[in-house]
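Notes follow the structure.
Each value in this text was obtained by applying a stated rule to the coordinates, not by laboratory testing. Keep in mind the model is a prediction, meaning the values are calculated, not measured. So basically every Cβ, Gly included, is an ideal-geometry build from the backbone, and we count neighbours across all protein chains shown.
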Amino acid sequence: MTPSLKAALVNGLLFPGLGHLLLRRAGRGCLFLLPTLLAAVYLLRRMMQLILPLAEQIASGALPFDPELITQRVEAAGIAGPAGTLAVLVLLGCWLGSVGDALWLGRHSGH
């Protein structure tokens, strides 16, 4: 298996940009790693802001354990607003871009 294929697999299966470390391209890997990390942290924080109050309401009995009602509350919270959509696009773009870039680097460096 070529180093570029290993790097592409690490980028695709573990985290975007990590595979570039195998190719000794840490700076280029950071171009994928940092935006992905920021987008993931943003989405996780938004989800926690939504989930914690709902979990507290369910635990206290203020909100019945009704999947349909919980789904309505989640949809009403609007986690997928413009910032959420942008974060998801950044995640997808970096994930796919890092795999493609690792393969491209292999083609153009002879690996």
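Tell me the mean residue ellipticity at 222 nm calculated for the chain from its helices only (DSSP H runs of n ≥ 4, each -39500 (n - 2.57), averaged over every residue, nearest 500). Kindly include the intermediate steps, with their values, before the conclusion.
Values: 5 runs with 89 residues, N = 111.
Roughly -27000 deg cm²/dmol at 222 nm, from the helical runs in the chain.
With only Lys, Arg, Asp and Glu charged, each at its Cβ (+1 for the first two, -1 for the last two), find how big the charge dipole of the range 2-111 is about the Cα centre; round to the nearest 20 debye. It would help to have the intermediate numbers written out before the result.
Working: 8 positive and 5 negative charges, 148 e Å.
With Lys and Arg at +1 and Asp and Glu at -1, about 700 debye.
Above 17 Å, the calculated P(r) of the chain contains 60 percent of its Cα-Cα pairs. Taking label points 7 Å from Cα along the Cα-to-Cβ direction, Thr2 and Leu96 give a separation of 2.2 nm. In loop segments of the range 8-111 as defined by DSSP, the chymotrypsin sites (Phe, Trp or Tyr not before Pro) with at most 10 further C-beta atoms inside 10 Å of their C-beta are Phe65. Of the DSSP H helices in the chain, those that are both long (alpha-carbon extent of 20 Å or more along the helix axis) and hydrophobic (Kyte-Doolittle mean at least 0.0) are 26-60, 82-109.
Quick one: length gained pulling Ser109 to Leu13 fully straight, 0.36 nm per residue minus the C-alpha distance? Before the final figure, lay out each step's value.
Working: separation 96, 0.36 × 96 = 34.56 nm, distance 2.27 nm.
Result: 32.3 nm gained on full extension.
The alpha carbon centroids of the range 4-36 and the range 42-61 are separated by 32 Å. Tell me the trypsin sites (Lys or Arg not before Pro) within the range 1-84 that lie in a loop according to DSSP and have at most 14 other beta-carbon atoms within 10 Å. Loop-located and lightly packed - Arg24.
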